[in-house]
Amino acid sequence: AVEGRDRLPEGGYVAICALHRSWVDPLLVVDALPRAPRPWFMGSGATAFDRPWKERLLHRTGGLLPVWRGGTDVSAHVRTAAAVLDERAVLALFAEGAIGGPSDEPARMRIGAALLCLRTDAPIVPIAICGAEELYRGKRISVRILEPMAPSEFLDELPEPGSRDELRAARDLTRAVSERLAQAVRADYPTTVDPPAMPRRWRWLTRLMR
């Protein structure tokens, strides 16, 4: 079930998503967002392009802006993100950075998503995903779109790029987004837990994309 589609801006925003517990999470985000403008995901190029069928799937469902691990210069990622947002498209990020973590609360979020938002001054749309840590036929999954946030809500002015003030602001913004997502996940997760007696058919779905 998807809740909160009426909260989405028309375009040109960053969707920061959690929890990231399964290969199906990007597909849930695509389903929650409008068909146009097309969503673009920023994620690990090494993971996304390691098999041809993954690349084909990404091209069919949304675009991927690859991130290659290593280095500290985010300027290339900022330019890419700004190009997406300037076209009024949607940039989707899983701020935990990798699949895995607790089932009922976000893992520690990386500050990269917040840095992109600060440098582009883009609205943030947090999306809370619960229940995808285990997949089987009939599994209940919750997707809730939260109220949009703006970096200006937390800052008097945007900090100088690359400064200590920017890092401090990115940490504060990451913490604020994480707290909103954590609150939503704690409320929604119990609704995705099936009773022990429910049959778990097609449990191989959990490992389908590994």
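Miscellaneous remarks
- Residue count for the range 1-15 under the criterion of being farther than 15 Å from Trp40 by Cβ and either open to solvent by less than 40 Å² (accessible area, probe 1.4 Å) or touching a residue at least 40 places away in the same chain (Cβ under 8 Å) (or both): the result is 9.
- All positions within the range 192-210 that are open to solvent by 100 Å² or more (accessible area, probe 1.4 Å), farther than 19 Å from Ser103 by Cα and over 27 Å from the mean Cα position of the chain (by Cα): Arg201
- The condition of being outside any strand (DSSP E or B), open to solvent by 40 Å² or more (accessible area, probe 1.4 Å) and in contact with a strand residue (DSSP E or B) (Cβ under 7 Å, 6 or more places away or on another chain) holds for only one of Arg180, Arg168, that being Arg180.
- Flag if Arg168 is without any contact (Cβ under 8 Å) to a residue 40 or more places away in the chain and closer than 23 Å to Ala15 by Cα: yes
For (1) at pLDDT below 95; (2) more than 17 Å from Arg110 (Cβ to Cβ); (3) of a type in the set (D, E, K, R), each residue gets a yes or a no:
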| residue | (1), (2), (3) |
| --- | --- |
| Ile141 | no, yes, no |
| Arg144 | no, yes, yes |
| Phe154 | yes, yes, no |
| Leu158 | yes, yes, no |
| Ala170 | yes, no, no |
| Ala176 | yes, no, no |
| Val185 | no, yes, no |
| Pro190 | no, yes, no |
| Met198 | yes, yes, no |
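- Filtered residue count, the range 13-31, keeping only those that are among the small types (Gly, Ala, Ser) and modelled with pLDDT under 90: 0
- Considering the range 96-109, and only residues there that are at pLDDT 90 or above and more than 9 Å from Leu19 (Cα to Cα), the residue that is nearest to the chain's Cα centre (by Cα) turns out to be Met109.
- Residues located in the range 191-210, provided they are without any contact (Cβ under 8 Å) to a residue 60 or more places away in the chain and either assigned to a helix (DSSP H, G or I) or within 16 Å of Ile124 (Cα to Cα) (or both): Trp204, Arg207
The values are calculated or read from the model by the stated rules, or taken from the named source; none is laboratory data. These numbers were taken from a predicted model, which means no experiment stands behind them. For neighbour counting, all protein chains shown are included, and Cβ atoms are generated from backbone atoms with ideal geometry for every residue, glycine included. The protein model used for the area step is the full one, side chains on, heavy atoms only, and it has no ligands, DNA or RNA in it. Shrake-Rupley method; radii C 1.70, N 1.55, O 1.52, S 1.80 Å.
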